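So the structure is just underneath, and the comments pick up after that.
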């Protein structure tokens, strides 16, 4: 889902201009950054690194500033779209290792 949200954020940004922009569409890059921050976060570690509201707000502000100033909208769109196209989505991986995991679980619960 988060990939689709990123794709829509960029494609629906009027400043993206179908990919033919002359300056980065910052609003959509900020949205993409926010989605990726949440999707890729490790909550316990983030709580340790930013234990207060002020620390969390500062972290988000710095992350968003850095993301929007270093990432390209077309590159971000391509990465999000290609992850689904080339089978790197989570559900694809789950299908590939599900039988293996079931076998491992059965073996781990059998008494020695």
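The values are calculated or read from the model by the stated rules, or taken from the named source; none is laboratory data. None of the values given here were measured: they were computed from a predicted structure. Cβ atoms come from the backbone with ideal geometry, glycine included; neighbour counts cover every protein chain shown.
Hey, does segment 87-108 have a residue that's outside any helix (DSSP H, G or I) and either loosely packed, with under 10 Cβ neighbours inside 10 Å or modelled with pLDDT of 65 or more (or both)?
Pass one, segment 87-108, residues outside any helix (DSSP H, G or I): 87-89.
Filter once more, so that each one left must be either loosely packed, with under 10 Cβ neighbours inside 10 Å or modelled with pLDDT of 65 or more (or both): none.
Looking through segment 87-108, none of the residues is outside any helix (DSSP H, G or I) and either loosely packed, with under 10 Cβ neighbours inside 10 Å or modelled with pLDDT of 65 or more (or both).
Restricting to segment 73-86, what's the tally of residues that are at pLDDT 80 or above and touching a helix residue (DSSP H, G or I) at 6+ places or on another chain (Cβ under 8 Å)?
From segment 73-86, those at pLDDT 80 or above are 73-82; that's our starting set.
Next, from what is left, pick out any that are touching a helix residue (DSSP H, G or I) at 6+ places or on another chain (Cβ under 8 Å): 73-74, 76-77, 80-81.
The qualifying residues number 6.
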Within segment 37-48, does at least one residue satisfy the condition of being under 18 Å from residue 68 (Cα atoms) and buried (at least 16 other Cβ atoms within 10 Å of the Cβ)? no
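Can you tell me which residue is modelled with the lowest pLDDT among those in segment 62-72 that are closer than 19 Å to residue 5 by Cβ and assigned to a helix (DSSP H, G or I)?
Kept after step one, since they are closer than 19 Å to residue 5 by Cβ, are these residues of segment 62-72: 63-64, 67-68, 71-72.
Checking which are assigned to a helix (DSSP H, G or I) leaves us with 63-64, 67-68.
Details: 63: 91, 64: 89, 67: 86, 68: 80.
Per the criteria, the residue is 68.
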